[in-house]
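Asker: I am attaching a structure below and will ask some questions about it afterwards.
The values are calculated or read from the model by the stated rules, or taken from the named source; none is laboratory data. Remember, it's a predicted structure, so these values are computed and weren't measured experimentally. Every residue, glycine as well, gets a Cβ built from its backbone with ideal geometry; the counts of neighbours run over all protein chains shown.
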C-alpha cells in the first residue's frame, strides 16, 4: 500500500483556488501510484475558525464533485479537510472520496476548547478499507487523545492517520505521542500538517510517518509545502517540495539505487499508459543501474532530497548501431543511455537541463559527436531531439519491441546552434 501525505499552505478562505491546488497535487500523487492521499486539517479553506461559518458548505455541494471524478479515474482514496454545515452546526470535517463509492464524511469528535465557539463535535467513528487494510483516522487535537486512537484500534484499524494543523509546540507533542502509540500498539501512524499562518499561529509542517516500532520513517521540513510518500511493500519513502530550489546534477551514488529503481519504474508505467512501449519488464533493469553506478557513468538531477531525473553517459554503443551510416566514423563518440525524468516532474525543463549537461560533458571531454536512440512511437521525445539539432542517421530494432528506434547524432565540435 502506498500513502501520500500532503503538507500544504492553503490560501486563506480561497476555496476555489485551494480546490484547484488540491486536484493538481492529487494528479502528481497518481504518478507515484498512490493508493491513499491525506491532506491537513481544513485544507480546503485553511484552518480559520473565525471564517468557518461563511466558508462552510453542505456535504452534497457539487463544488466537491471533481474530487470524486479524480478518485474514480485515478483509483485513489482522497481525504481532505473542510468545514461543513449540518443541522447541529458547523463541523470540522474530513471529506472522503473513494473509487466508485459514495462520498463519505467524518466529523472531528473531540474539539479543543478554542474551537467550541465556532464548531460542534461529531459523534461517530469511521474505519476505511483500502487495499485490504483497515484504516482509522482523526483530526488534529483528538489524535493526541489516547481514547480516540483506541476507538479506531478496537474497530480493527491497522493504520492510523492524523490530519492536523499544528504549531511548533503541538508538533513536539505529536512526535512524542505518535511514536509512543505506534510502538505500543504496533500500528503505523501517518500525520499531515500545514505550513504558513493559520488563524493566529504559524503551522510548523514536519509532516511525518512512524512504523510499527514507533520509529520515524521520514519527515518533511518545517517551512515548505510538499509531499511525503511511503511504500509499505518496498519500505521506500520519497519527498517532493513544491517550492523551487537550486537544482544540481551530480554523479549518482550507491545510496541512490532504490530511488533510481523507483524512478525508472514510474517512467515506464507512464509511457505504457500513453501506449508507448519503449521500455520492457527487463529493461532498464536493476543490473543496468548497478553497472552504471559501478562504472560511475550515471548522473542524477536533484532538487533538495528529491531525485528528479537521470542520464547515463559512456562510450558503449549497442551492436545494432553498427548497421547505421553514422557521419562521424572513427571519431571519439559519447553515447546517451536511459535519459529519464520522473513523470511527476515532467514539463518543467528538466530533460533540457540533463541534455545541456550531457552535451557540455561531451565537449569538456573532447568528444566529436554524441549519439542516442529514441523509440519511433515516442513522438514527443523525437521532436525534442530534433529541436536540439540531432540528425536522423537511420533506424534499428531492439528485442521485445515491435517498432524500430530512430538513431540520432549531433556534432559537438560546432557551437553554432
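Asker: What tally of residues in segment 298-329 results from selecting those that are in contact with a strand residue (DSSP E or B) (Cβ under 7 Å, 6 or more places away or on another chain), under 20 Å from residue 284 (Cα atoms), touching a residue at least 24 places away in the same chain (Cβ under 8 Å) and not in a strand (DSSP E or B)?
Answerer: Looking only at that region, the number is 3.
Asker: What's the total number of residues in segment 103-118 that are in a loop (DSSP other than H, G, I, E, B) and crowded, with 17+ Cβ neighbours inside 10 Å?
Answerer: Going through segment 103-118, the residues in a loop (DSSP other than H, G, I, E, B) turn out to be 103, 108-112, 116-118.
From what is left, the residues that are crowded, with 17+ Cβ neighbours inside 10 Å are 108-111, 118.
Matching residues across segment 103-118 total 5.
Asker: Same structure, new question: Taking the conditions exactly as written (more than 25 Å from residue 13 (Cα to Cα), out of contact with any helix residue (DSSP H, G or I) (no Cβ under 8 Å at 6 or more places or on another chain) and outside any helix (DSSP H, G or I)), does residue 176 satisfy them or not?
Answerer: For residue 176, the condition - more than 25 Å from residue 13 (Cα to Cα), out of contact with any helix residue (DSSP H, G or I) (no Cβ under 8 Å at 6 or more places or on another chain) and outside any helix (DSSP H, G or I) - is not met.
Asker: Would you confirm whether any residue within segment 297-304 is surrounded by fewer than 18 Cβ atoms within 10 Å (Cβ to Cβ), within 22 Å of residue 28 (Cα to Cα) and in the same structural domain as residue 270 (by TED's automatic domain parsing)?
Answerer: If we filter segment 297-304 for residues that are surrounded by fewer than 18 Cβ atoms within 10 Å (Cβ to Cβ), which is where we start, we get 304.
Narrowing further to those that are within 22 Å of residue 28 (Cα to Cα): 304.
Next, from what is left, pick out any that are in the same structural domain as residue 270 (by TED's automatic domain parsing): 304.
Checked segment 297-304: at least one residue is surrounded by fewer than 18 Cβ atoms within 10 Å (Cβ to Cβ), within 22 Å of residue 28 (Cα to Cα) and in the same structural domain as residue 270 (by TED's automatic domain parsing).
Asker: Somewhere in segment 353-375, is a residue modelled with pLDDT of 95 or more and closer than 24 Å to residue 238 by Cα?
Answerer: Scanning segment 353-375 turns up at least one residue that is modelled with pLDDT of 95 or more and closer than 24 Å to residue 238 by Cα.
Asker: Which of the residues spanning segment 131-154 are touching a strand residue (DSSP E or B) at 6+ places or on another chain (Cβ under 7 Å) and modelled with pLDDT under 95?
Answerer: Passing the criteria: only 133.
Asker: Within segment 383-401, can you find the residues that are surrounded by 17 or more Cβ atoms within 10 Å (Cβ to Cβ) and outside any strand (DSSP E or B)?
Answerer: Listed by number, the residues that qualify are 385, 390.
Asker: Quick check on segment 177-195. Is at least one of its residues at pLDDT below 95 and surrounded by fewer than 21 Cβ atoms within 10 Å (Cβ to Cβ)?
Answerer: There is no residue in segment 177-195 that is at pLDDT below 95 and surrounded by fewer than 21 Cβ atoms within 10 Å (Cβ to Cβ).
Asker: If you take just the strands (runs of 3 or more DSSP E) that sit entirely in segment 187-232, which of them hold at least 1 residues that are under 21 Å from residue 48 (Cβ atoms) and touching a helix residue (DSSP H, G or I) at 6+ places or on another chain (Cβ under 9 Å)? Steps first, please.
Answerer: Details: elements: 189-192, 195-198, 201-204, 208-210, 216-219, 226-231.
Answer list for segment 187-232: 189-192, 201-204.
Asker: Right, next: Considering only segment 274-296, how many residues are assigned to a loop (DSSP other than H, G, I, E, B), surrounded by 18 or more Cβ atoms within 10 Å (Cβ to Cβ) and touching a helix residue (DSSP H, G or I) at 6+ places or on another chain (Cβ under 8 Å)? Steps first, please.
Answerer: The initial filter retains those residues of segment 274-296 that are assigned to a loop (DSSP other than H, G, I, E, B), namely 274-279, 281-282, 284-285, 296.
Next, only the ones that are surrounded by 18 or more Cβ atoms within 10 Å (Cβ to Cβ) stay: 276, 278-279, 284.
Add one more test, that the residue is touching a helix residue (DSSP H, G or I) at 6+ places or on another chain (Cβ under 8 Å), and what stays is 278-279, 284.
Here the count works out to 3.
Asker: Turning to a different aspect of this structure: Out of curiosity, is residue 337 touching a strand residue (DSSP E or B) at 6+ places or on another chain (Cβ under 7 Å), at negative phi and either touching a residue at least 24 places away in the same chain (Cβ under 8 Å) or surrounded by fewer than 17 Cβ atoms within 10 Å (Cβ to Cβ) (or both)? Give the derivation first.
Answerer: Details: touching a strand residue (DSSP E or B) at 6+ places or on another chain (Cβ under 7 Å): yes; at negative phi: yes; either touching a residue at least 24 places away in the same chain (Cβ under 8 Å) or surrounded by fewer than 17 Cβ atoms within 10 Å (Cβ to Cβ) (or both): yes.
Against the criterion (touching a strand residue (DSSP E or B) at 6+ places or on another chain (Cβ under 7 Å), at negative phi and either touching a residue at least 24 places away in the same chain (Cβ under 8 Å) or surrounded by fewer than 17 Cβ atoms within 10 Å (Cβ to Cβ) (or both)), residue 337 qualifies.
Asker: Something else about it: Would you check which residues across segment 143-165 are touching a helix residue (DSSP H, G or I) at 6+ places or on another chain (Cβ under 9 Å), in a helix (DSSP H, G or I) and either in contact (Cβ under 8 Å) with a residue 60 or more places away in the chain or surrounded by fewer than 22 Cβ atoms within 10 Å (Cβ to Cβ) (or both) and list them?
Answerer: Correct list: 144, 146, 150, 153.
Asker: Against the definition (outside any loop (DSSP other than H, G, I, E, B), within 23 Å of the chain's Cα centre (by Cα) and within 26 Å of residue 363 (Cα to Cα)), how does residue 271 come out, yes or no? Show your work before the answer.
Answerer: Working: outside any loop (DSSP other than H, G, I, E, B): yes; within 23 Å of the chain's Cα centre (by Cα): yes; within 26 Å of residue 363 (Cα to Cα): no.
Criteria not met by residue 271.
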